[in-house]
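One structure is given below, encoded as structure tokens.
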Amino acid sequence: MKTLILLTFFSFLLPSCTVDVPTYDYDLQGHRGARGLAPENTIPSFLKAVDHGADTMELDVVVTADGNLLVSHEPWFNHHISTKPDGTPVTEEEEMELNIYEMTIEEIKLFDVGKRGHPDFPEQQSMAVTKPLLREVVQSVDGYVESQGLEPVHYNIETKSKPEWYGVFTPEPGEQSRLLYEEIKDLQILDRATVQSFDPATLIALNEMDGSVRQAMLVFRKDQTVERMVEILGYEPDIWSPEYQLVTPGLIEEVHTRGMDIVPWTINKRDQMIRLLEMGVDGIITDYPNRAPTALNL
């Protein structure tokens, strides 16, 4: 599903004058749901993203001790948002000791990740909420979308993976990709799922399992050029997903020439969104889908 937008503006032109209205066709992705409006990577956040017209739910997954895929940006409990079972805040000093890869889902569900809010997102509504399983997110969102009579949404799922985390905070890349592939296959969303990562190893492992699964290569440095990363992967992914400040007309042309889409992250100002759309990007990842120039919130 794509979001068709009509950028309109007020004009005091004479009635006989006509104005060309620019149109764009792009994929609006809600970053961690609607992180600017509700606790990140939680079911309320994803439902909020749906309400504001997001086509795709962008989310992160980690692996629990009992082999479940948990929606979480870090494989631990972030001190900015997490509250321990005894009601005290998680501190920066202890957060990485709360290793999700060493915890069962029952233990994880005792931690709150929403009632404190987030200091960087003053518009975020605080609420008591826990980290959900990937399965819970897909079932809740798909059920909500169907109840609202909307078109099915897509899922852009990031594997949280770094070489230094292997065996400590995450499984080896092959195992992590296998678990994710089996889950999205079981959830019957293979045709609506993209797997993205900063770690080429998880993408390579997934490609060896099923080369038809859509992939996005995430990059954040200038030296992570298209040529270099494609050489590492050994193939061209479906999507090139750079930090938005790396986007130039030349990069867009290079990506499109190679047959890939370009979907930058994370754009939170409306004027920057419009600028990138005018440059020709194929999608936008944002914490604030309510700020995006869509038909729902012009």
Item checked: the stretch 98-119 residues that are closer than 13 Å to Pro75 by Cβ, paired with ones that are surrounded by fewer than 20 Cβ atoms within 10 Å (Cβ to Cβ) and at pLDDT 95 or above (beta carbon under 6 Å, 6 or more apart) -> Glu102/Ala65; Met103/Ala65
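Is it the case that Gln188 is within 21 Å of Asp142 (Cβ to Cβ), part of a loop (DSSP other than H, G, I, E, B) and among the polar types (S, T, N, Q)?
Judged against the criteria, Gln188 is a match.
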Item checked: Members of the stretch 52-74 found to be more than 16 Å from the chain's Cα centre (by Cα) and either buried (at least 18 other Cβ atoms within 10 Å of the Cβ) or aromatic (Phe, Trp, Tyr) (or both), listed by number -> Val63, Thr64, Asn68
Margin query: Taking the condition of being over 20 Å from the mean Cα position of the chain (by Cα) and assigned to a strand (DSSP E or B), how many residues in the stretch 112-169 meet it?
Written below: 2
Note to self: Need the failing condition index for Ala38 against (1) more than 15 Å from Lys131 (Cα to Cα); (2) in a loop (DSSP other than H, G, I, E, B), just the number.
What the structure shows: (1)
Notebook entry, point to check: Looking at the stretch 177-193, is at least one residue touching a residue at least 40 places away in the same chain (Cβ under 8 Å), of a type in the set (S, T, N, Q) and on the phi < 0 side of the Ramachandran plot?
Noted result: no
Margin query: Restricting to the stretch 53-93, count the residues that are under 28 Å from Arg192 (Cα atoms) and assigned to a loop (DSSP other than H, G, I, E, B).
Written below: 12
Notebook entry, point to check: Taking the stretch 22-41, which residues are surrounded by 24 or more Cβ atoms within 10 Å (Cβ to Cβ) and either farther than 24 Å from Asp199 by Cα or touching a residue at least 60 places away in the same chain (Cβ under 8 Å) (or both)?
Noted result: Leu28, Gln29, Gly30, His31, Arg32, Ala34, Arg35, Gly36, Ala38, Pro39, Glu40, Asn41
Checklist line | When residues of the stretch 81-102 are limited to those that are of a type in the set (Ser, Thr, Tyr) and within 17 Å of Arg116 (Cβ to Cβ), the one surrounded by the most Cβ atoms within 10 Å (Cβ to Cβ) | finding: Ser82
Notebook entry, point to check: When the stretch 197-256 is examined, which residues are found to be among the small types (Gly, Ala, Ser) and not in a strand (DSSP E or B)?
Noted result: Ala201, Ala205, Gly211, Ser212, Gly234, Gly250
Check: Going by the conditions given, is Tyr244 aromatic (Phe, Trp, Tyr) and either over 22 Å from Leu59 (Cβ atoms) or more than 19 Å from the chain's Cα centre (by Cα) (or both)?
Finding: no
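The values are calculated or read from the model by the stated rules, or taken from the named source; none is laboratory data. In this text, all values refer to a predicted model and were calculated from it rather than measured experimentally. Ideal geometry is used to build each Cβ from the backbone, glycine not excepted, and the neighbour counts take in all protein chains shown.
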